Amino acid sequence: MSVGYELVEHTADIGVRAWGATPEQVFEEAARALFSLVCDPREVDERETVEIKLEAEGMDLLLAAWLNELLYVFEARKLVLTRFDVRELGEHSLRARVTGEPLDLRRHVLCGGVKAATLHELALEQRDDGWEGFVLLDV
Amino acid sequence: MRIERTAEFTYEIAPEPPMRVPGRVYAHASLFEQAGHEEALQQVANVATLPGVVTASIAMPDIHWGYGFPIGGVAAMDEADGVVSPGGVGFDINCGVRLVRTSLGLEDVRPRLEPLMQELMRRVPQGAGPRGALSLKEGELERLAEEGAAFLARRGLATQEDLSRTEEGGVMPGAEAAAVSRRALERGRTQVGSLGSGNHFLEVQVVDEVVDEDAASAFGVGIGQIVVMIHSGSRGFGHQICTDHVARMASVAARHGIELPDRQLACAPLGSPEAREYLAAMACASNFAFANRQMMMHEVRGALEQVFQASWERLGVELVYDVAHNIAKREVHVVDGRERAVRVHRKGATRAFGPGHPDVPPEYRAAGQPVIIPGDMGTESWLLAGTDKAMRETFGSTCHGAGRLLSRHAARKVKSGADVRRELEDGGVVVKTASVGSLAEEASYAYKDVADVVAVVDAVGLSRRVARMRPLGVLKG
């Protein structure tokens, strides 16, 4: 099965559908989808790494929590992220390493901005040929 | 779902289990031809399943499909046995709008519009990146979160009159900084006094029609007068607070035996620790937003002083009113002849208290509470007044704006941001933005016609048209 993501239409918000061979890949693809809405990914260098550790009551809730945590890292630490490496993923916890560089308004063209990942129609499922997830983003 | 038309602009969704009350939608018949309307109506029905919902799950004519609650939704929960739902407020807690009047006229501003818009763009940070206009040291955001616009008054950035003309006096009661996560504080500390992005904007407008002379006079607006409208919310601070509490409440509902048709309706019984902490944090986010809009008004005063070389007091730059349209408030309303304390959730809906209500500032009380309805970019905006009928039928609530028609993706396919900008400028509107691409997402064709939405609430009697404003310059995030 391939690995990738697509943005799904919704009136006021944007859905992210991400897929891969493993759930870790779904998380990584969803993160790339998220940051494609923040800034053009081609302009971001890999300079700084942040460790992420999260817990939630289910793997699908972890997916939403993961995206929200990345938004926090972007806004609070002013880091634009480009690489996402999910190292450990369980039913209730996640450990990851994400890489990017400090926001530089001269080089990074920011897009509209994402407010949060919602729980609306949140899904993370195993299929015959891999995994697929869906998260609706409030933009 | 059974939907019955009960009046010209009123539809009822019959209360089929698990709905506890009917749905009531105020809308133009054309709603039923719009894409996504079925999902939006389903969301109205879903809200009617929540414990403690009083009378009806209500939707305004700008209703559109959201997540959990529809946008344009109003639901009052009984304080004794109801729930509070962060999704019924939204991620942008106290997204709202403020209208500022001046004693300048069109002929004063037209020749200096470009420098004025440049000055505004310089002083009011927009978009997702930059720091807000207000500098806060460690620990100060916690104070601001508890004191709201009053925090700015102590720094000389707000007058007592500014506070009295803000909903809640610019401070929501019950705000406790201890209920706010470290993440939210980190995000918020550098964002006070910033516009944000998406559909947030700052517009220089001219009043081009007055419908209710008495109310317009009471509110201090007249034909040809220049006003400034600021539409913004609680930024990353509010988003993080909503995220934190929705995540918490996702498991709470199950523990209290509440079945949810949509996880984004995650809620907790009022009085439970989770509800109390959410409300304490929500009040902090609301206060942040009041302070945010106040700070931006302060910057508007500075910009006008710079361009017109006179003090803002001489230029008559005064607050007309500031309203929230994403919030949950404890209010007392008359239900079935009895006074009842309820928690009114307004998500994309505005409070519209009627004439005589004690919460309306004395100088406006005879007219009713000012209601500010921002229109789609480049078209028109409205100033309305609250009514007795709103008090009786919708827990003192009305619409909030135009409501989206097209998805952002579909809007971008219709025209480019550059084309939208050119069309606005050809129509005489100066546009300043850091994100030209997103202009297409916010173009008027992506939204319902605000004139239609306002016509419906006026016809139903939920608010009265007072004055219409037309934009001259738009600053967009």
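The values are calculated or read from the model by the stated rules, or taken from the named source; none is laboratory data. This one's a predicted model, so the numbers in the text were calculated from it and none came from an experiment. Cβ sites come from the backbone with ideal geometry, for glycine too, and all protein chains shown count toward neighbours.
One table, with the values for the structure above:
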| item | result |
| --- | --- |
| Those residues of region A:74-99 which are farther than 15 Å from A:Leu61 by Cβ, within 14 Å of chain B (Cβ to nearest Cβ), of a type outside the set (A, V, I, L, M) and in contact with a strand residue (DSSP E or B) (Cβ under 8 Å, 6 or more places away or on another chain), in sequence order | A:Phe74, A:Arg77, A:Lys78 |
| Complete set of residues in region B:253-303 that are of a type in the set (Asp, Glu) and free of Cβ contacts under 8 Å to residues at least 60 places away in the same chain | B:Glu274 |
| Conditions (1) surrounded by 24 or more Cβ atoms within 10 Å (Cβ to Cβ); (2) within 14 Å of chain A (Cβ to nearest Cβ); number of the one not met by B:Ile226 | (2) |
| Only listed residue being of a type in the set (A, V, I, L, M, F, W, C), surrounded by 15 or more Cβ atoms within 10 Å (Cβ to Cβ) and in a strand (DSSP E or B), chosen from B:Leu50, B:Leu99, B:Leu31, B:Leu113 | B:Leu99 |
| Residue match in region B:413-426 (condition: within 14 Å of chain A (Cβ to nearest Cβ), surrounded by fewer than 23 Cβ atoms within 10 Å (Cβ to Cβ), of a type in the set (Gly, Ala, Ser) and more than 19 Å from the chain's Cα centre (by Cα)) | yes |
| Considering residues of region A:74-105 that are of a type in the set (Asp, Glu) and not in a loop (DSSP other than H, G, I, E, B) only, the residue surrounded by the most Cβ atoms within 10 Å (Cβ to Cβ) | A:Glu75 |
| Any hit, region B:80-92, residues being more than 13 Å from every other protein chain (Cβ to nearest Cβ), buried (at least 24 other Cβ atoms within 10 Å of the Cβ), under 30 Å from B:Ala218 (Cα atoms) and among the aliphatic types (A, V, I, L, M) | no |
| Test: residue in region B:1-15 that is touching a Gly at 6+ places or on another chain (Cβ under 7 Å), crowded, with 24+ Cβ neighbours inside 10 Å and not in a helix (DSSP H, G or I) | no |
| Complete set of residues in region B:16-28 that are in contact (Cβ under 8 Å) with a residue 40 or more places away in the chain and either in contact with a Leu (Cβ under 6 Å, 6 or more places away or on another chain) or surrounded by fewer than 15 Cβ atoms within 10 Å (Cβ to Cβ) (or both) | B:Pro18 |
| Out of B:Arg343, B:Arg314, sole residue that is part of a loop (DSSP other than H, G, I, E, B) and either modelled with pLDDT under 95 or more than 12 Å from the chain's Cα centre (by Cα) (or both) | B:Arg314 |
| Filter result (closer than 16 Å to B:Thr398 by Cβ and either in contact with a helix residue (DSSP H, G or I) (Cβ under 6 Å, 6 or more places away or on another chain) or more than 11 Å from chain A (Cβ to nearest Cβ) (or both)) within region B:66-79 | B:Pro70, B:Gly73, B:Val74, B:Ala75, B:Ala76 |
| Per-region count, region B:234-273, residues under 30 Å from B:Arg143 (Cβ atoms), away from chain A (no Cβ under 14 Å) and not hydrophobic (A, V, I, L, M, F, W, C) | 3 |
| Filter pass, B:Leu104 being crowded, with 21+ Cβ neighbours inside 10 Å and touching a residue at least 24 places away in the same chain (Cβ under 8 Å) | yes |
| Residue within region B:162-171 that is β-branched (Val, Ile, Thr), touching an Asp or Glu at 6+ places or on another chain (Cβ under 8 Å), more than 29 Å from B:Arg408 (Cβ to Cβ) and within 14 Å of another protein chain (Cβ to nearest Cβ) present | no |
| Selection from region A:45-73 of residues that are part of a loop (DSSP other than H, G, I, E, B), within 11 Å of chain B (Cβ to nearest Cβ) and among the charged types (D, E, K, R) | A:Glu57 |
| Qualifying residues in region A:106-131 (those that are in contact with a helix residue (DSSP H, G or I) (Cβ under 6 Å, 6 or more places away or on another chain), facing chain B (nearest Cβ under 10 Å) and surrounded by fewer than 22 Cβ atoms within 10 Å (Cβ to Cβ)) - the one nearest to A:Leu71 (Cα to Cα) | A:Gly112 |
| Criterion: farther than 18 Å from B:His325 by Cα, of a type in the set (A, V, I, L, M, F, W, C) and either out of contact with any strand residue (DSSP E or B) (no Cβ under 6 Å at 6 or more places or on another chain) or at pLDDT 95 or above (or both) - qualifying residue of B:Val204, B:Val171 | B:Val204 |
| Out of B:Ile58, B:Ile63, sole residue that is within 14 Å of chain A (Cβ to nearest Cβ), part of a strand (DSSP E or B) and within 17 Å of B:Ser397 (Cβ to Cβ) | B:Ile63 |
| Which numbered condition B:Gly356 fails, given (1) touching an Asp or Glu at 6+ places or on another chain (Cβ under 7 Å); (2) at positive phi | (1) |
| Helices (runs of 4 or more DSSP H) fully within region B:124-232 counting 1 or more residues that are closer than 25 Å to A:Asp138 by Cβ and either free of Cβ contacts under 8 Å to residues at least 12 places away in the same chain or within 22 Å of the chain's Cα centre (by Cα) (or both) | B:140-147, B:182-188 |
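Rundown of residues vs (1) among the small types (Gly, Ala, Ser); (2) at pLDDT below 95; (3) out of contact with any Lys or Arg (no Cβ under 8 Å at 6 or more places or on another chain), yes/no style:
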{"site": "A:Asn68", "(1), (2), (3)": "no, no, yes"}
{"site": "A:Leu79", "(1), (2), (3)": "no, yes, yes"}
{"site": "A:Glu88", "(1), (2), (3)": "no, no, no"}
{"site": "A:Leu94", "(1), (2), (3)": "no, no, no"}
{"site": "A:Leu103", "(1), (2), (3)": "no, yes, no"}
{"site": "A:Lys115", "(1), (2), (3)": "no, yes, yes"}
{"site": "A:Ala123", "(1), (2), (3)": "yes, no, yes"}
{"site": "A:Gln126", "(1), (2), (3)": "no, no, yes"}
{"site": "A:Val135", "(1), (2), (3)": "no, no, yes"}
